[in-house]
Structure formats: structure tokens, C-alpha cells
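Colleague: One structure coming up, written as C-alpha cells, with questions to follow.
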Amino acid sequence: MSINAKKVGEQIAALRKAKGLTQNELGERLNVSFQAVSKWECAQTLPDVGILLDLANVLQTTVDNLLTGGEKVINYRGKITVNDIINGISCLGKMGSLLGKDNIIYRYAIEGINEKMNTDIEECFTNDEIFECFVAEAIIQNLKAGSYIDLTDVKNNFKHEHFSDIVCKYAKKHHIK
């Protein structure tokens, strides 16, 4: 990640102003001159590493927030595919066939999902549209947790365009292209 001095300066200025501080007051709290603060805000220089923690504390933010210019940095935890999600949900249905629908392990898994999601997941094992709805929801939950998905994979592997559109819209909102 490269540091954009202009964005850092703009972030420092915005946070300083939001706290009602002048450049001079911020400088005094950090034992630097108001000219140093001005140079940060004008992107002429960056704050020294040794002052970043104090600067973040005075502005009640984090060093990450300062150095990214207030932009959220997305760290993807791994790539998922539509087929992996389809297989995962299908395995849940197979578990009922293999263990038996009255088996306590299967029942508790189903009941837990139904209770937390306010739904009946067993319907998805016999209805393609409901199944794809669960696939879309599972993908979105993975994206919320930091996973990445190729949008071409989404567009190519959903039968119902509506669900593909929902997933793509959510992904784009979270800077996945």
C-alpha cells in the first residue's frame, strides 16, 4: 500500500477541524510547530513515524485511519466460488439423507439455521429458486466476513438473474469488481 500524502493531509486537517483545534493548538499538543502541521495538511511532508501514535490519540483516531486518508482498507481473507457455496449448502441436504432427518446432529443444524435466519432451509433442498436464494445469502455473508468472489463467476453460475444481481450489487458496494 502506498501512502498518499494529499489524502493523509486532508484527513489530518478534517479531524483537527472537527475537534475545533487550530494548527497551532495541534502543534502545541504534539510539541511541533504549527508550520509542521501546515506542511502535513498541505501534503508537503508526512508526520514522522515517532509522532503518529500521539497524533492519532490527539485526533481520537487510529494510525491506520490517518495513513489511509480515512479510507477503509479491505483485506480479503480468501477467495470463494459460487460452486463452493453450492456444494456447501448441498452437503447440508446430503447430511439429512446420510444421517437421517431425525438424527440429532442434522436436526440441530437445521433448527439452528432456521431459528437464526427465521426461515425453513429444508425448503431449499426441493426448490431451485429458494436454493439459489440461500446461495446468494451465503455468498453475501462470506463477503461481509472478508472473502472475495469473481463477479464473472457469479454472473455465470446463477440461474436466476435476480440473485446474481443482488450479489453483484453487494460486492460492488464493497469494492469488489
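Colleague: Go through the stretch 47-60 and report how many residues are buried (at least 17 other Cβ atoms within 10 Å of the Cβ) and out of contact with any Pro (no Cβ under 8 Å at 6 or more places or on another chain).
Modeller: Taking the stretch 47-60 as the starting set, the residues that turn out to be buried (at least 17 other Cβ atoms within 10 Å of the Cβ) are 47, 55-56, 58-59.
With out of contact with any Pro (no Cβ under 8 Å at 6 or more places or on another chain) added as a condition, the list becomes 47, 56, 58-59.
Of the residues in that region, 4 qualify.
Colleague: Which residue pairs have Cβ atoms closer than 9 Å, lie 6 or more positions apart in sequence or on different chains, and pair a first residue in the stretch 128-139 that is more than 14 Å from ASP165 (Cα to Cα) with a second residue that is assigned to a helix (DSSP H, G or I) and among the hydroxyl-bearing types (Ser, Thr, Tyr)?
Modeller: Cβ pairs passing all conditions: PHE131/SER90.
Colleague: May I ask you to verify whether ALA18 is on the phi < 0 side of the Ramachandran plot, modelled with pLDDT of 95 or more, surrounded by 16 or more Cβ atoms within 10 Å (Cβ to Cβ) and among the small types (Gly, Ala, Ser)? Steps first, answer last, please.
Modeller: On the way: on the phi < 0 side of the Ramachandran plot: yes; modelled with pLDDT of 95 or more: yes; surrounded by 16 or more Cβ atoms within 10 Å (Cβ to Cβ): no; among the small types (Gly, Ala, Ser): yes.
Criteria not met by ALA18.
Colleague: Quick check, is GLU132 assigned by TED's automatic domain parsing to the domain that holds ALA109, out of contact with any His (no Cβ under 6 Å at 6 or more places or on another chain) and among the charged types (D, E, K, R)? Give the steps one after another, and end with the answer.
Modeller: Numbers: assigned by TED's automatic domain parsing to the domain that holds ALA109: yes; out of contact with any His (no Cβ under 6 Å at 6 or more places or on another chain): no; among the charged types (D, E, K, R): yes.
It is false that GLU132 is assigned by TED's automatic domain parsing to the domain that holds ALA109, out of contact with any His (no Cβ under 6 Å at 6 or more places or on another chain) and among the charged types (D, E, K, R).
Colleague: Return the residues of the stretch 66-85 that are surrounded by fewer than 17 Cβ atoms within 10 Å (Cβ to Cβ) and either hydrophobic (A, V, I, L, M, F, W, C) or on the phi < 0 side of the Ramachandran plot (or both); say none if nothing qualifies. Can you show your working first?
Modeller: Within the stretch 66-85, the first condition is being surrounded by fewer than 17 Cβ atoms within 10 Å (Cβ to Cβ), and the residues that meet it are 70-79, 81, 83-84.
If the condition is that a residue be surrounded by fewer than 17 Cβ atoms within 10 Å (Cβ to Cβ) and either hydrophobic (A, V, I, L, M, F, W, C) or on the phi < 0 side of the Ramachandran plot (or both), then GLU71, LYS72, VAL73, ILE74, ASN75, TYR76, ARG77, LYS79, THR81, ASN83, ASP84 are the ones that fit.
Colleague: Given (1) under 26 Å from the mean Cα position of the chain (by Cα); (2) surrounded by fewer than 14 Cβ atoms within 10 Å (Cβ to Cβ); (3) at pLDDT 95 or above, where does LYS177 come up short, assuming only one miss?
Modeller: The one condition LYS177 does not meet is (3).
Colleague: In the set ASN118, ASN65, ASN83, which member is under 30 Å from ASP150 (Cα atoms), at pLDDT 95 or above and under 25 Å from the mean Cα position of the chain (by Cα)? Steps first, answer last, please.
Modeller: Details: ASN118 fails: at pLDDT 95 or above; ASN65 fails: at pLDDT 95 or above.
Result: ASN83 is the single residue among ASN118, ASN65, ASN83 that is under 30 Å from ASP150 (Cα atoms), at pLDDT 95 or above and under 25 Å from the mean Cα position of the chain (by Cα).
Colleague: Then there's this: What tally of residues in the stretch 92-115 results from selecting those that are under 16 Å from CYS133 (Cα atoms) and either surrounded by fewer than 13 Cβ atoms within 10 Å (Cβ to Cβ) or among the hydrophobic types (A, V, I, L, M, F, W, C) (or both)?
Modeller: Applying the first criterion (under 16 Å from CYS133 (Cα atoms)) to the stretch 92-115 yields 92-93, 113-114.
Within this subset, residues satisfying the condition of being either surrounded by fewer than 13 Cβ atoms within 10 Å (Cβ to Cβ) or among the hydrophobic types (A, V, I, L, M, F, W, C) (or both) are 92, 113.
Residues meeting the conditions: 2.
The values are calculated or read from the model by the stated rules, or taken from the named source; none is laboratory data. Small disclaimer: the values here were computed from a predicted structure and weren't measured. Because the Cβ atoms are built from the backbone with ideal geometry, glycine has one as well, and the counts that use them run over all protein chains shown.
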